[in-house]
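What follows is a single structure, written as structure tokens, with notes after it.
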Amino acid sequence: DTSLVQPTGTSRFLDVSLTRFACMPVCLRTVALTALGVTAGVAVGVALAPASVVGSTLVTAAVPATYLFGIPWSFLQLSAATAAVYAPVYAATTATLTACGVVGAALGGAAGTTVSFLFNSRPCHAPGPTEEDRSREQQAMQAVEHARDMERRALAAEQAVDIVTQAREEAERNLEVAQERIRSAEEDQRQYPIPPYLRSACESGQVNIAITGHSGVGKSSFINTLRRMRKNDPGYARVGVNETTMEPTMFAFPKSIGIMRRISAHVLERFQRGESPDPTEGGVQVGDRITAQLPDDPEHDGRPSEVIRLEGNAVEVRYEDGVTKTVPRSAVRGIFADAKIWDLPGAGTPRFPQGTYVKDMGLRYFDMVVLITAERFTEAERLLKDELDHWNVPYFLVRSKADVSVTSMIDEEADCQEEELSAEQKQEIKRKTVEDIKAHFAEAYGMDLVYVLSTQPKFRDDYDFQQLERDMVFALMTVRGVSMERECPMCLETYADLAGGSTAGTRQRVGPCGHTCCETCLGGLRARGSVCPTCRSPLEGA
């Protein structure tokens, strides 16, 4: 039994087949496109084809290039026209197309490439430049350097000067856009600095989940239930209605429970080929906590263990019972991430006013926020919800102590009937009570998605707790940059309509927002009358 057993981890790349060429280093793209340009130039020079044929051929060839290599269409039209003019002259045509190849590679780098991260080291909504911003700036700087170098060569050779000058100007504009984005993000970070208590947690790249709400709403019980902790377990959050959280308090997941990223199909393929990808690519390292598929060892199959040694295409692990085993890398199914839960003081008090609460608590740096109440949300909490919406911070509205409300309604109905209620009657009262609670929040506060649950272990699976966990996992995948291209973001399986697809079903659009998931998961969303898990907008046709 694991909590939030789904993906996380450090930064790593997915294999995106349609963008392999674009993901190459600029130098390799330069070599490849230069070779293409030289080859085309030689062919044209030898054939001495009419200018019209040359122009049409180059324009036709440019169409797939615009999609595969990210070269602007207008640039290719211009290069084709220029090549047509110089077609009768072998040397000039060769030089022009060679320049086009090099500059095209530079422009492809300047425009950026489609690189999908499985997990980034920070939430995408956190203030400050993202890894993608830094990568885009670096690519733009390299593109400018290449474009300037080619302009110097073109000026010296007095050939294709207009083309390379245009390419250099476009590369410089792309660099300015990338740098302006970084400057804006840095200014945002200065306005919303990381609070001192959260700095080391953010810098380490760990997953951070904020739990907020006023005293007595069940925050401590929720934190314990989320971590599957019992009263006598080390690290158990003390429960007491008279206790008030005055400072942010951090709680860790126990060793056998936590947030875990699934090993992607791409990494598994590399394992099976005998390769050993490093941790930044999704591999394992000494000290990682993992689970492995061991059908021949039911006692340890799927159980958490710690990697103590790497042995080529295998890893040596130690289980909690002290047993050590050597397992093949291809058997590894998940790696636990470093994740922490934070119990935060409630908003709207003299010490923690709502107006500065997001900044004081650093909520924009958390992967997600859970707002808990036992009865109703205060005005300060409703304003906090609106502010989280503004900053695109994922949040979950939780109404706790559902079991108390249901028991109260059952007792009230039993008093009216003066007899013991049947199991069917109790179940109907439970259903109606939960339905009424959700309707109240929707009508009174405009909150259409509120998770009604109980944090008592025996009632954990009776209400919305499991659904909340699944939605929290999906939110985590989204803010840490999980690729939505090949894998369904809900079940994490490869789409059936893609190469290597299996049980996920075909890719389907969730709603007008454009987000996607597989047809199987979409059917579940519709059956529950849910909304898009990414942006909470209505489903298609709703």
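The values are calculated or read from the model by the stated rules, or taken from the named source; none is laboratory data. Small disclaimer: the values here were computed from a predicted structure and weren't measured. Methodologically, a virtual Cβ is constructed for each residue, glycine included, from the backbone with ideal geometry; neighbour enumeration extends over all protein chains shown. All accessible areas refer to the heavy atoms of the entire protein, side chains included, with ligands and DNA or RNA removed. Shrake-Rupley method; radii C 1.70, N 1.55, O 1.52, S 1.80 Å.
The table for this structure:
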{"item": "Selection count, region 299-353, where residues are touching a strand residue (DSSP E or B) at 6+ places or on another chain (Cβ under 8 Å), within 30 Å of residue 369 (Cα to Cα) and in a loop (DSSP other than H, G, I, E, B)", "result": "8"}
{"item": "Count of region 405-459 residues which are out of contact with any helix residue (DSSP H, G or I) (no Cβ under 6 Å at 6 or more places or on another chain), open to solvent by less than 80 Å² (accessible area, probe 1.4 Å) and basic (Lys, Arg)", "result": "1"}
{"item": "Listing of helices (runs of 4 or more DSSP H) fully contained in region 374-468 that carry 3 or more residues being under 21 Å from residue 217 (Cβ atoms) and of a type in the set (Gly, Ala, Ser)", "result": "402-417, 423-445"}
{"item": "Extreme residue, surrounded by the most Cβ atoms within 10 Å (Cβ to Cβ), among residues of region 285-317 that are of a type outside the set (Val, Ile, Thr) and in contact with a helix residue (DSSP H, G or I) (Cβ under 7 Å, 6 or more places away or on another chain)", "result": "292"}
{"item": "Residues that are at pLDDT below 90, under 28 Å from residue 362 (Cβ atoms) and surrounded by 15 or more Cβ atoms within 10 Å (Cβ to Cβ), drawn from region 126-157", "result": "130, 131, 132, 133, 135, 136"}
{"item": "Qualifying residue in region 413-421 (condition: over 28 Å from residue 333 (Cα atoms), modelled with pLDDT of 90 or more and not charged (D, E, K, R))", "result": "no"}
{"item": "Positions within region 166-176 being touching a residue at least 24 places away in the same chain (Cβ under 8 Å) and either open to solvent by 60 Å² or more (accessible area, probe 1.4 Å) or not charged (D, E, K, R) (or both), in sequence order", "result": "166, 167, 171, 174, 175"}
{"item": "Of all residues making up region 195-230, the number that are in a loop (DSSP other than H, G, I, E, B) and either over 25 Å from residue 390 (Cβ atoms) or within 21 Å of the chain's Cα centre (by Cα) (or both)", "result": "10"}
{"item": "Members of region 340-365 that are hydroxyl-bearing (Ser, Thr, Tyr) and surrounded by fewer than 19 Cβ atoms within 10 Å (Cβ to Cβ)", "result": "349, 356"}
{"item": "Index of the failed condition, residue 236 passing every other in (1) open to solvent by less than 80 Å² (accessible area, probe 1.4 Å); (2) under 27 Å from residue 372 (Cβ atoms); (3) in a helix (DSSP H, G or I)", "result": "(3)"}
{"item": "Count of region 490-516 residues which are at pLDDT 70 or above and either under 12 Å from the mean Cα position of the chain (by Cα) or of a type in the set (Asp, Glu) (or both)", "result": "2"}
{"item": "Residue that is modelled with the highest pLDDT [pool: residues in region 324-338 that are out of contact with any Phe, Trp or Tyr (no Cβ under 9 Å at 6 or more places or on another chain) and open to solvent by less than 60 Å² (accessible area, probe 1.4 Å)]", "result": "327"}
